[in-house]
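In what follows, a structure is listed as structure tokens, so that the remarks can point back to it.
The values are calculated or read from the model by the stated rules, or taken from the named source; none is laboratory data. It should be emphasised that the depicted structure is a prediction, and the values quoted were computed from it without experimental measurement. Neighbour counts run over all protein chains shown; Cβ positions are idealised from the backbone, glycine included. Each accessible area value is taken on the protein alone, full model and side chains, heavy atoms only, with ligands, DNA and RNA left out. Shrake-Rupley method; radii C 1.70, N 1.55, O 1.52, S 1.80 Å.
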Amino acid sequence: LRQRDPHNSDWARDLSVSFNKLGDVAQSEGNLPAARQAYQDSLAIAQELRQRDPHNSDWARDLSVSHERLGDVARREGDLPAARQAYQDRLAIARELRQRDPHNSDWARDLWVSLWRMADLGDAGIGWGDVCDALEDMHTRGVLLPTDFEFLVEARRRAGRANPSGEG
């Protein structure tokens, strides 16, 4: 479909998402070169779509997902500089989307996940306190997913913050 009509954005996005899913399968099988290639193919399409319409939040998020997945592969391969760069690219988009719509809980989640990956790499500019702040903001607003509460507890532990009684 993409070859029939390269300008059809929906078909391009579908192909990009498919590449990400193929990358997920390859990564789960331990085939990191195949995963990296699939994620790079997805990234190329996502970048193209983002250039077509920089204000499209869905396309921006798709691009950030491709960056994150490439970072995950690079990290598993032991290429920490490449992982850091991919995670920084993801974080920049997460911050942009969060700024566009501060009340969107999906964008808020993307932000704390991005911060977590950076803090976990030991990035000098991002610490566990930053992760805590993002998670605590969601918790205070009542939009932290119950399944994500354990991450708040762990981020507090890593940041050296005490957990209030009754909260994990």
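Based on every Cα atom in the stretch 1-54, Rg and the maximum pairwise Cα distance Dmax equal 11.8, 35 Å. Relative intensity of the chain on a log10 scale, I(q)/I(0) at q = 0.08, 0.10, 0.18 Å⁻¹, equals -0.27, -0.41, -1.15, per a Debye sum over C-alpha point scatterers of equal strength in the absence of solvent. Taking the Cα centre of the stretch 1-79 as reference, the dipole from Cβ charges on Lys and Arg (+1) and Asp and Glu (-1) amounts to some 60 debye.
With every protein chain present, what is the per residue accessible area of the chain (1.4 Å probe, Å²)? All intermediate terms of the calculation are to be shown ahead of the outcome.
Values: 8950 Å² over 168 residues.
Roughly 53 Å² per residue, with all protein chains present.
In this structure the amide hydrogen of Leu144, modeled in the peptide plane, comes within under 5 Å of the amide hydrogens of His139, none closer than 5 places in sequence on its chain. Here the stretch 44-107 is treated with +1 on each Lys and Arg Cβ and -1 on each Asp and Glu Cβ, and its dipole about the Cα centre works out to around 160 debye. Each label was represented as a point 7 Å from its Cα along the Cα-to-Cβ direction; for His139 and Asn8 these points are 4.7 nm apart.
Taking a label point 7 Å from the Cα of Thr147 along the Cα→Cβ vector, which residues of the stretch 55-92 have an amide N closer than 20 Å to it? Correct set: 62, 65-66, 68-69, 72.
Once backbone amide H atoms are built at 1.01 Å from N, Asn104 has no partners under 5 Å, excluding neighbours fewer than 5 places away on the same chain. Summary of packing: across the peptides 61-74, 35-48, the per-residue average of other C-beta atoms within 10 Å ranks them, highest first, as 61-74, 35-48. Between the beta carbons of Ala34 and Asp120, assuming R0 = 25 Å, the FRET efficiency works out to 0.50 to the nearest 0.05.
Spin-label model, Glu96 to Arg158: label points 7 Å out along the Cα-to-beta-carbon direction sit 2.5 nm apart.
Report the charge-dipole magnitude of the chain in Debye, nearest 20, computed about the Cα centre from +1 at each Lys and Arg Cβ and -1 at each Asp and Glu Cβ.
For the chain, the charge dipole is close to 160 debye.
Could you work out what % of the accessible surface of the stretch 26-138 is carbon and sulfur, using a 1.4 angstrom probe and leaving DNA, RNA and ligands out of the count? Please report the intermediate quantities before stating the final value.
Numbers: 2260 of 5110 Å².
The value for the stretch 26-138 is 44 percent carbon and sulfur by accessible area.
Kindly identify the stretch 84-162 as rounded, prolate or oblate by the Cα gyration tensor criterion: order the square roots of the eigenvalues as a ≥ b ≥ c, call it rounded if a/c is under 1.5, otherwise compare a/b with b/c, prolate if a/b is larger, else oblate. Since a/c reaches 1.5 but b/c is at least a/b, the shape of the stretch 84-162 is classed as oblate. The string of couplings for the stretch 45-50 from the Karplus curve (6.51, -1.76, 1.60, θ = phi - 60°) is 5, 4, 5, 4, 5, 5 Hz, one whole number per residue in order, with x for Gly and Pro.
Measuring between their Cα centroids, the stretch 80-95 and the stretch 114-161 lie 17 Å from each other.
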